Amino acid sequence: MSVDEILEREIAFVGTPAQVAEQIDRVRRIPGVTEFSMIANFGGIEHETVMRNVELFGRRVIPALN
């Protein structure tokens with residue numbers, strides 16, 4: 001799959017914390033969807049970037065979903 005196909009099918013969420021929260025909220029409303037996995041370490045991303053993404057997810061995305 002191309003990156004465009006992955007984003008179009010909402011297999012991966014990319015954007016600001018607010019955009020990611022919106023994307024997750026849209027998908028979690030689909031009947032039968034009860035969980036998802038976060039993969040922050042992929043494609044050779046530097047450790048500091050991975051940790052920053054995890055921090056942003058915890059501080060800004062999760063609260064926006066509650």
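The values are calculated or read from the model by the stated rules, or taken from the named source; none is laboratory data. All of these numbers come straight from a predicted model, not from anything done at the bench. Positions of Cβ are generated from backbone atoms using ideal geometry, with glycine treated the same way; all protein chains shown enter the neighbour counts.
Of all residues in region 34-43, none satisfies being of a type in the set (G, A, S) and modelled with pLDDT of 90 or more. The criterion of at least 3 residues that are on the phi < 0 side of the Ramachandran plot, free of Cβ contacts under 8 Å to residues at least 24 places away in the same chain and not aliphatic (A, V, I, L, M) is met by the following helices (runs of 4 or more DSSP H) wholly inside the chain: 3-8, 17-28, 47-56.
When region 1-52 is filtered for residues that are surrounded by 13 or more Cβ atoms within 10 Å (Cβ to Cβ) and charged (D, E, K, R), the ones remaining, listed by number, are E22, R52.
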